[in-house]
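The values are calculated or read from the model by the stated rules, or taken from the named source; none is laboratory data. All figures in this text were calculated on a predicted structure; none of them were measured in a lab. With ideal geometry, Cβ positions are generated from the backbone for all residues, glycine too; neighbour counts draw on all protein chains shown.
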Amino acid sequence: MKISRIRTVVVNAEMRNWVFVRVETDQAGLFGWGEASLEWKTQAVVGAVEDFAPMVIGEDPLRIEHLYQKMYRQSFWRMGVIGMSAISAIEQALWDIKGKHLNVPVYELLGGRVRDKVRMYTHLGGGNMKAVYETFEPGPLIDLAREVVEGGYSAVKVVFVPYSEPLEGVATVKRFAAMFAKLREAVGDEIDIMVDFHGRTYPAMAVRYINAIEEYGPYFCEEPCPPENMAATLEVRQSTRVPIAVGERLVGRAQFVPYFENRACHVIQPDLCHCGGLLEAKKIAAMAEVYQMGVAPHNPLGPVANAAALHFALSTPNFLIQEDMLTDVPWRWDVVKSYLETKEGYWLPCDRPGLGIEVDEAAAARHPFKQEVMHSTTIRAKDGAILDW
């Protein structure tokens, strides 16, 4: 059996473009799907997939580790997030092929199930970008959080950390803490609340914000500092008592090593569509297990990414909780036919061969590529300087 073709299918899902990758074989009807969605880099990722195609066409699709090594090492230039997203999608599609070929779900090929269901959390407002990233008033915040809880989730992520300069005054900190206090009062102590800092703060402000909300029990605070500076995140971790999570913008296991060796976080968050795929994520999770860290994979992406995340979670011992964005567009499951089931805030195992999904390309064609919403006119300091989104 040989790989005969690789191509991409781009679907505009309003908040982002989904980039699906189809790997075809010379066996009739046997192909696999992966996902490489990367905000504001759609065309670059599609180009990277096309660049990798000549390296794997003609190869045996069942030799997954071999093909990962070939794409990663024979490229000479080490991959950034664009190249690693392309590799991730191709690698996921190879697992889909192998599962279909052997007539087993992918999690069986990753070591088998270690749990019976997978806990999920989601964001405010589903796929409404303004709701997710720009809910800075307590009324809408509480209403949206209650909708999440009514939807069966026992955990919610919020992103109302202020867009911050290196230092902000006490009024900003008090407003942030008051928002969290009202949210905790509204949803109660049984609901876990994760706070995504989105890399918006430098260490001094991250420490002040986190210490101001410690009494209200955040489940974890995510990416308090830009990810390229491990020492900054370590300073925050050492200066606070709330669990710290990082990793959505790290690619490949090597970038996680400083965080492990310096114990700069408590939870890691690899994205299976960016970090190198399923097997690379398993290696990252195994390293985290040695350092007694939990794994909460990043995934606000499309339906193929959801399927890959399910198989990873079912087979990973130190898995903690899984991000989803299942309500981003109402036609999500028209484009991707899925056998995934949810119940009371959990995904249930899927026993279909491979990843358990198929892309309806006719439905996908009704939502062609569009430029995603940009934020460059809104994320600025009072003096007009650009801040981290």
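When region 356-388 is filtered for residues that are touching a Gly at 6+ places or on another chain (Cβ under 9 Å) and loosely packed, with under 13 Cβ neighbours inside 10 Å, nothing remains. The set of residues from region 286-299 being more than 12 Å from GLY247 (Cβ to Cβ) and touching a residue at least 40 places away in the same chain (Cβ under 8 Å) is empty.
Being touching a strand residue (DSSP E or B) at 6+ places or on another chain (Cβ under 7 Å) and either surrounded by 23 or more Cβ atoms within 10 Å (Cβ to Cβ) or of a type in the set (Ser, Thr, Tyr) (or both) holds for only one residue in PRO297, PRO353, and it is PRO297.
Just one of the numbered conditions (1) farther than 23 Å from ALA178 by Cβ; (2) in contact with a Pro (Cβ under 8 Å, 6 or more places away or on another chain) is not true of ALA245: (2).
Summed over region 51-77, residues that are more than 15 Å from GLN92 (Cβ to Cβ), surrounded by fewer than 13 Cβ atoms within 10 Å (Cβ to Cβ) and touching a residue at least 40 places away in the same chain (Cβ under 8 Å) total 1. Whenever a residue of region 300-316 is farther than 21 Å from GLY125 by Cβ, its partners that are small (Gly, Ala, Ser), lying with C-beta atoms within less than 7 angstrom and at least six residues away or across chains, give the pairs VAL304/GLY34; ALA307/SER338; ALA307/GLY356; PHE312/ALA281; SER315/GLY111; SER315/GLY112; THR316/ALA285.
Filtering region 166-181 down to residues that are within 24 Å of ASP383 (Cβ to Cβ) and in contact with a helix residue (DSSP H, G or I) (Cβ under 8 Å, 6 or more places away or on another chain), which residue is surrounded by the most Cβ atoms within 10 Å (Cβ to Cβ)? If we take residues in region 166-181 being within 24 Å of ASP383 (Cβ to Cβ) and in contact with a helix residue (DSSP H, G or I) (Cβ under 8 Å, 6 or more places away or on another chain), then PHE176 is surrounded by the most Cβ atoms within 10 Å (Cβ to Cβ).
If the condition is being assigned to a loop (DSSP other than H, G, I, E, B), among the charged types (D, E, K, R) and within 27 Å of ASP189 (Cβ to Cβ), then region 203-231 contributes only GLU223.
Restricting region 279-311 to residues that are farther than 20 Å from VAL257 by Cβ and not small (Gly, Ala, Ser) leaves a set whose member that is nearest to the chain's Cα centre (by Cα) is ASN299. Here ARG184 meets each of (1) modelled with pLDDT under 95; (2) in contact with a helix residue (DSSP H, G or I) (Cβ under 7 Å, 6 or more places away or on another chain) with one exception, condition (1).
For region 146-169, does any single residue satisfy the condition of being within 30 Å of VAL45 (Cα to Cα) and either of a type in the set (Asp, Glu) or without any contact (Cβ under 8 Å) to a residue 12 or more places away in the chain (or both)? Taking every residue of region 146-169 in turn, none turns out to be within 30 Å of VAL45 (Cα to Cα) and either of a type in the set (Asp, Glu) or without any contact (Cβ under 8 Å) to a residue 12 or more places away in the chain (or both).
So which residues in region 171-197 are in a loop (DSSP other than H, G, I, E, B), in contact (Cβ under 8 Å) with a residue 12 or more places away in the chain, out of contact with any Pro (no Cβ under 8 Å at 6 or more places or on another chain) and not β-branched (Val, Ile, Thr), if there are any at all?
Once the filter is applied, which keeps residues that are in a loop (DSSP other than H, G, I, E, B), in contact (Cβ under 8 Å) with a residue 12 or more places away in the chain, out of contact with any Pro (no Cβ under 8 Å at 6 or more places or on another chain) and not β-branched (Val, Ile, Thr), region 171-197 yields ASP189, GLU190.
Being over 19 Å from GLY126 (Cα atoms), in the same structural domain as GLU150 (by TED's automatic domain parsing), within 18 Å of the chain's Cα centre (by Cα) and of a type in the set (A, V, I, L, M) narrows it down to one residue among LEU326, LEU348, LEU340, LEU320; which is it? Step through it out loud before you land on a result.
Working: LEU326 fails: over 19 Å from GLY126 (Cα atoms); LEU348 fails: within 18 Å of the chain's Cα centre (by Cα); LEU340 fails: over 19 Å from GLY126 (Cα atoms).
On inspection, the qualifying residue turns out to be LEU320.
Tell me whether region 340-351 contains one or more residues that are out of contact with any Gly (no Cβ under 8 Å at 6 or more places or on another chain) and over 27 Å from MET293 (Cα atoms). Looking through region 340-351, at least one residue is out of contact with any Gly (no Cβ under 8 Å at 6 or more places or on another chain) and over 27 Å from MET293 (Cα atoms).
You will find that of PRO218, PRO258, PRO224, the residue that is of a type outside the set (Ser, Thr, Tyr), within 22 Å of HIS298 (Cβ to Cβ) and within 19 Å of the chain's Cα centre (by Cα) is PRO224 and no other.
Does region 242-267 hold any residues that are crowded, with 17+ Cβ neighbours inside 10 Å and farther than 24 Å from ILE213 by Cβ, and which are they?
Applying the first criterion (crowded, with 17+ Cβ neighbours inside 10 Å) to region 242-267 yields 242-253, 255-256, 259-260, 264-267.
Within region 242-267, LEU250, VAL251, GLY252, ARG253, GLN255, PHE256, PHE260 qualify.
Inclusion of PHE220 among residues that are under 15 Å from GLU323 (Cα atoms) and surrounded by 22 or more Cβ atoms within 10 Å (Cβ to Cβ) is warranted. Look at (1) touching a His at 6+ places or on another chain (Cβ under 6 Å); (2) at pLDDT below 95 and you find that GLU372 fails only one, number (1). Check SER88 against each of (1) surrounded by 23 or more Cβ atoms within 10 Å (Cβ to Cβ); (2) modelled with pLDDT under 95 and name the one condition it does not meet. For SER88, the failing item is (2). Of the residues making up region 107-118, those that are buried (at least 17 other Cβ atoms within 10 Å of the Cβ), closer than 18 Å to LEU278 by Cα and in contact with a Pro (Cβ under 9 Å, 6 or more places away or on another chain) are TYR107, VAL118. The set of residues from region 119-147 being modelled with pLDDT under 80, surrounded by fewer than 20 Cβ atoms within 10 Å (Cβ to Cβ) and within 15 Å of MET194 (Cα to Cα) is empty.
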